[in-house]
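The values are calculated or read from the model by the stated rules, or taken from the named source; none is laboratory data. Keep in mind it's a predicted model, so treat the numbers as computed, not measured. With ideal geometry, Cβ positions are generated from the backbone for all residues, glycine too; neighbour counts draw on all protein chains shown.
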Amino acid sequence: MIYALRELRSKFKSGIKNPLFIFVILLALLPLALQEPYLLYVATLVLIYIVIAVSWNILAESGQFSLGHAAFFGIGAYTSTLLYKYFLVNPLLGMPFSALTSCALALLMGVICLPLREFYLAIATLALSEVLRTIVIMLPEITGGAVGLGIPPLFGGNRVLNYYLMLAIAVIALSTLYAVRRSKLYLALVTLRCDEVVASSIGINPVKYRLYAFLLSALFPGLCGGFFSFYVGFIDPFSVFNIEISIAPQIMSVLGGIYTFWGPIIGALIIEPVKEFLRISMPTGYLVVYGIIMILCIRFLPRGIMEALKAYTGMSEAVPVGGRKCSR
Amino acid sequence: MIKTKTITYIVIAIVIVVLVSALALYYFTPRRPTLGVQEIKIGVILPLSGPYAILGEEEKKGYEMAMEEINGKGGVLGVPLKLIIEDNQGKPEVSVSAAEKLVTIDKVVAIAGEYMSSCTYALLSALRKYSPPPIAVLIGGSTDSIEKDFGSEEWFFHLHPYAYIYQSTIRDWLLTLQPRPKTIFLAYEKTAYGTSQAGYAKEYLSKAGFTIVGEEPFTSGAADQTPLVLKAKASNPDVFLWIGYAGDSIVIVRNAKQVGFKPKLLLDTVGVGFPEFQTSLGKDAEYVCGIEVWSPAVNYKTGPPFPITHTSEWVAKYEKKYGKEPDYWSLLAYTNLYVIADAIERAGTLERGALIKALEKTDLQSPIGRVKWVPGQFVSRPHQAEFAMKMVIFQWQGGKKVVLYPKEVATGTVIYPMP
Amino acid sequence: MDPSIITFFQVMMCGLLVGGLYALFSVGLNVIFGVMKIINFAHGEFLMLGGYLTYFLFMLANIDPLLSIPITMALLFLVGFLIEKSLIKPLAGGPPYSYILLTLGISIALQNIALILWTGNYRSVPVWYSALPLSIGPISVGLSLVVAFTVAVILTAILYVLLKRTTFGKSVRALSQNPELAQAMGINVSKMYTLTFCLGAMVAGVAGSLVAFTMYIFPNVGFEIAIKSFCIVILGGLGSFEGAIVGALLLGLAESFTSVYLPGGSGWAPVVFFAVLLITLVVKPQGLLGAKA
Amino acid sequence: MLEVKDVYKRFGGLEALKGVSFCVNKGELIGLIGPNGAGKTTLFNVISGILKPEKGIIKFKGIDIVGLKPYEIARLGIGRTFQLSRPLMDMTLLDNVVVACIYGGRKRVGLKEARSIALEKLRLVGLADKAHLTPKSLTLLERKILEISRALALDPELLLLDEPLSGLSPREIDMHVSLIKRIREDLGVTVIWIEHVMRAIMGAVDRVIVLHQGAKIAEGSPREVAKDSNVIKAYLGEEYAKG
């Protein structure tokens, strides 16, 4: 008993020092610093992108390159919206269903994409998300079609409550994916990425683990989609099945550092606010600046910010799963 | 003794006279109320990047023109207007983001602008959650769900026709044609704009006694619409009516000419109004008809506070300033800002309640028609601009847009059937 | 003749003609895609630049789009060269995904520069043959489309000869199919990258010229066509010249046939094409004519 | 322990294996030799399940493994290495072995336990002090050793080594051969070993199987095989061609 308590305490102590824990605490305190609903609105969007980027990255870690994450986001968004519209399901209850349909889609996508690699996989996922968008457009009786659907915003649009809800989703997503990265599942995923033939020669079932990666990667974007439609109060197929949503996590991951946990987070934390800042500070032409910033970033930090940081601190070697403290 | 007494009386008298005259002066001088601010901030949300940037730019020109004029005359109640222009990238969530910023950071007096229906809807939905919601006088959004869901809000005023107006205008005009056309083939692009219009087109036109011989959704942005045109040709309609964007109209008209499809009338909903339609097609643009909120040939008499007497003066001014023909979006935007400025002027304050009251009493002879609030089709609150309850029909003749309908503003007569 | 048969052939003609335009662009993309193994998100912007160049040459100097093709080719070759040398080359040997950020950045910057310089207006070159029909028996199609198709076919044929009969072509194929082996054979990879990139840009520029008078141009025109072309290239099989052509014609036909024969019309066209793509990939993961991995 | 009976495999028009049959007993160290293109690696790929033979039976410990997936075969206790060494480049040496331990080992282990087992395996082959580096910094020999220790993490009963000596210097060859011998002796693992370096393999193995153009042409002790006329013919042709 005492031993268990002591272990709990020591776990808590080491947890406090965990960067993720500190990060989450900082995020939880953010509304105190950002009094303005506008800043909170942007912060919530950043959280959504963080979750999508980290989720995309976990699929990339298994060697599967998706250009269709908007499909998960979109199907999640439509699930919660349509549940509300037809069955008056509370959005908070609808969101888990968003995650479910997104996972179902991921299974379908994963199975279709099993024999595909690299560009073939990327384009197939893109195709699937385009197919879904067209289906939503072409079934206006059910989905509201291209016109879209207006829905009452969650919590009456209270930005603080919305922020904390999204933060809760983000915490679940980040801690799940953080835990995954320290588990044996993660080892299997990375092995698949490095060499699939070797992976199967050491007992890893590639089909199973590729599908796991798909599921993990779709779960939280679907949830975010379910949140997003009620956050904006409006949904239409062009804004949720948008290729930009599929591309954004790639930009964020590559900028921050692909195949790292913090890379996509850093990427999202930089990209979205910078874009928003440019948007409000120069009405026309800011996207030119944005594009040029992207080019310069990759020109000078080709391996992303995380690698640059590691090189700077002299930690360029890969860190084993579970951090450095394991071993000897 | 007396002397001092007299002096005392005189002094008192002088003091009283001075006081009374000062008071009288104070009371009888026409006094400009002071607003107590350095500038009046108006938020404007438009698409300035992405596929709809073309129209956002047009709007921006209109707003800037109006602002320069108003501020050139000393602003509103002596305070200059300041436009805070936000790009919404044509995305609903960015529109919301912009709205949040305008309301909470910039603390604008009113929000203007918008173009796409999806963005307009999301924006209004975001505004509604404030208590009280900020004033929105918008020129974007033609989907009727905006009217149904927000039309009865006291803080929302709308300066653009809703989808049904396009089709009711088309119906009314088609009924005036001699000989009256009997059959219509309807094609529409499958996004929000096309599908919402098509529903009304079907309803209104068939109720008015026209036969819809075929209807067909199409993908906007396709390189070639020959199959669509062929389908239409096969059903041999009197009128080929399509609802598409500017690019689609170029392709559709070209393809129609190519396959020799010659209905009595080629009629588009908004895609053929742009000058680029004519420059891109040259003589093939001839006799194509379209519908617009306003067309540069339409000339209204204007009243104060507009510094012009007729719309044509505005057109000349615009052409001088920007070196091109204006689009109705710039005039809408121009009018939009004047409507807000006029209400502030009359309210004499920036206080929300008073401003809404002043807005409700708006009655301007604007260069785009009369701005007086009337109810729309679905809600009884009169917050829809009167001019936006009808539209104009034009035809390309000799490389120029000739206005055919309504009669009051017509500048020519229709050439029908098309030669 | 039975009108339904006439319609059938008419629809087929249209599909093939549009498919021909897609083919030209996709073949160029396929070369870059195959050799450099990067998804070049900026490829469509070459098309856009080519289109605007053609438009302004016509409007300002009254040069017919067909005559301005050599100018477009030369200039786009130069643009491709500059971008490759200054931006893409320095990333060589870096992590594979860094190209995404780079090409997206180029794409976003170019699109928005175009937006500022030339506004978002839809423009089309009004050539004299723009709306003339070409009739073959009861079937009539647009002359401009036929002209564009002819140019596309000629250029594709030249590319075919270039890729199948010359040492350059052999190197391209070697690099697409087995980069390691190609390197071992002593192919100058760096030079090949530059050449193929410029070639791709050039072909995209010509495709832009054709789009400028058959369709219309606007700052985002290239991005949408590029996405379609990625799908075409994958459908046909990475690195397969014939595959890209087959894929492009399939897309053209799918678009025109669905719009005539499916209730709901061309709204469903993307679904049909993408469904064909997905089914193909399930059955043949390497694409229709792709080399086996 | 392993029984290969009449196995056929073809690639398009090329018959890579034409009815190969042989048996391997527990604890044996078998050399599998033959000129280039003889079908040796194909045979390994067929045994380890990467390729499916058109015909034939492969029995491992009495179980027919034809049609099983590679990972199932690995879990039955067949470990293998590859001709061109394929370490998992993005993972540390330790993780390279840990992952094999977890997914291929016949005992279910957790991450913690797997780490200590893996470290033990690395210590066995002398790579423990580099456990936290990635394979990028290793020499070719070390990479090959890593691959072997990764295969050993499966606790295999049968180990398939595909040209473990290619590309090594004579000194490295000696070191590597002694490691392979030690593995067989200390762990009692049955080994099938494809090799081109004749000098090394002939002195080390119990029995040699010779493949030529997809067929077995000889089998027996190294000494017998070296004298076999078919073998000499097959090899001499190649030797001459090499010039």
Among what's in the range C:255-269 and is buried (at least 22 other Cβ atoms within 10 Å of the Cβ) and more than 7 Å from chain B (Cβ to nearest Cβ), pick the residue that is modelled with the highest pLDDT. C:258
Yes or no: residue A:147 more than 30 Å from residue C:288 (Cα to Cα), at pLDDT below 90 and surrounded by 20 or more Cβ atoms within 10 Å (Cβ to Cβ)? yes
Filter pass, residue C:128 being among the aromatic types (Phe, Trp, Tyr) and either more than 14 Å from chain A (Cβ to nearest Cβ) or in contact with a Leu (Cβ under 6 Å, 6 or more places away or on another chain) (or both): yes
From the set of residues in the range D:53-66 that are touching a residue at least 40 places away in the same chain (Cβ under 8 Å) and not in a strand (DSSP E or B), which is nearest to residue D:211 (Cα to Cα)? D:53
Those helices (runs of 4 or more DSSP H) completely within the range C:167-252 that have 1 or more residues that are β-branched (Val, Ile, Thr) are C:167-177, C:189-214, C:221-236
Can you pull out every residue in the range B:194-213 that is assigned to a helix (DSSP H, G or I), of a type in the set (Phe, Trp, Tyr) and away from chain A (no Cβ under 14 Å)? B:204
Of the residues in the range B:166-178, those that are touching a strand residue (DSSP E or B) at 6+ places or on another chain (Cβ under 9 Å) and of a type outside the set (S, T, N, Q) come to B:166, B:170, B:172, B:173, B:174, B:177
Scan of the range D:82-106 for residues that are crowded, with 18+ Cβ neighbours inside 10 Å and more than 7 Å from chain A (Cβ to nearest Cβ), ordered by number: D:82, D:85, D:87, D:93, D:96, D:97, D:101, D:105
When residue B:135 is evaluated against the numbered criteria (1) within 21 Å of residue B:94 (Cα to Cα); (2) free of Cβ contacts under 8 Å to residues at least 40 places away in the same chain; (3) more than 14 Å from chain A (Cβ to nearest Cβ), which criterion, by number, is the only one it fails? (2)
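Every residue, every condition in (1) modelled with pLDDT under 85; (2) in a loop (DSSP other than H, G, I, E, B), yes or no:
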{"residue": "A:280", "(1), (2)": "yes, no"}
{"residue": "A:283", "(1), (2)": "yes, yes"}
{"residue": "A:295", "(1), (2)": "no, no"}
{"residue": "A:315", "(1), (2)": "yes, yes"}
Exactly one of A:203, A:257 is at positive phi, surrounded by 24 or more Cβ atoms within 10 Å (Cβ to Cβ) and in contact with a Leu (Cβ under 7 Å, 6 or more places away or on another chain), and that residue is A:203
Only one of (1) under 17 Å from residue A:121 (Cβ atoms); (2) within 14 Å of chain D (Cβ to nearest Cβ) does not apply to residue A:218, and that is (2)
Residue D:79 passes all but one of (1) under 20 Å from the mean Cα position of the chain (by Cα); (2) crowded, with 22+ Cβ neighbours inside 10 Å; (3) facing chain A (nearest Cβ under 9 Å); (4) without any contact (Cβ under 8 Å) to a residue 40 or more places away in the chain; which number fails? (4)
Is it true that some residue in the range A:266-274 is under 12 Å from the mean Cα position of the chain (by Cα) and either farther than 18 Å from residue A:217 by Cβ or modelled with pLDDT of 90 or more (or both)? yes
When you go through B:237, B:263 one by one, which is the residue that is in contact with a strand residue (DSSP E or B) (Cβ under 7 Å, 6 or more places away or on another chain), crowded, with 24+ Cβ neighbours inside 10 Å and touching a residue at least 12 places away in the same chain (Cβ under 8 Å)? B:237
Among helices (runs of 4 or more DSSP H) completely within the range A:127-229, the ones holding 2 or more residues that are within 21 Å of the chain's Cα centre (by Cα) are A:159-181, A:184-194
Please pick out the residue among B:153, B:147 that is among the charged types (D, E, K, R), assigned to a loop (DSSP other than H, G, I, E, B) and under 30 Å from residue B:202 (Cβ atoms). B:153
Got a number for residues in the range B:84-114 being touching a residue at least 60 places away in the same chain (Cβ under 8 Å), within 13 Å of residue B:39 (Cβ to Cβ) and either touching a Cys at 6+ places or on another chain (Cβ under 7 Å) or within 14 Å of chain A (Cβ to nearest Cβ) (or both)? 3
